[in-house]
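First comes the structure, then the notes that go with it.
The values are calculated or read from the model by the stated rules, or taken from the named source; none is laboratory data. The shown structure was predicted, so the numbers you read here are calculated from the model rather than taken from an experiment. Note that each Cβ is placed from the backbone with ideal geometry, even for glycine, and that neighbours are counted across all protein chains shown. Each accessible area value is taken on the protein alone, full model and side chains, heavy atoms only, with ligands, DNA and RNA left out. Shrake-Rupley method; radii C 1.70, N 1.55, O 1.52, S 1.80 Å.
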Amino acid sequence: RHGPWFILLATPWIGVWAVAVTAMALGMNQRQLLLFTLISISVYAIVLAGLIAFGIQAVRPQS
């Protein structure tokens, strides 16, 4: 019931393999697992890239 939310939040923090093993042990559909893992990693990657770019611009000296 709460599987997709768990995958979206936990995948980047505890790792794809740990989430996959847990989800498969709990009987989650493989296609759903793949989809939500892909979405989760993509969203976190975009957010981190944005934060890094913002941080670099924030520290760069103004001339």
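Over 10 Å from the mean Cα position of the chain (by Cα) and open to solvent by less than 70 Å² (accessible area, probe 1.4 Å): is that true of THR11 in this structure? So THR11 does not fit the description; no.
A single member of ALA58, ALA25, ALA49 is aliphatic (A, V, I, L, M) and surrounded by 10 or more Cβ atoms within 10 Å (Cβ to Cβ), and it is ALA49. Taking the chain and the helices (runs of 4 or more DSSP H) fully enclosed by it, the elements with 3 or more residues that are out of contact with any helix residue (DSSP H, G or I) (no Cβ under 9 Å at 6 or more places or on another chain) are at 16-25, 30-59.
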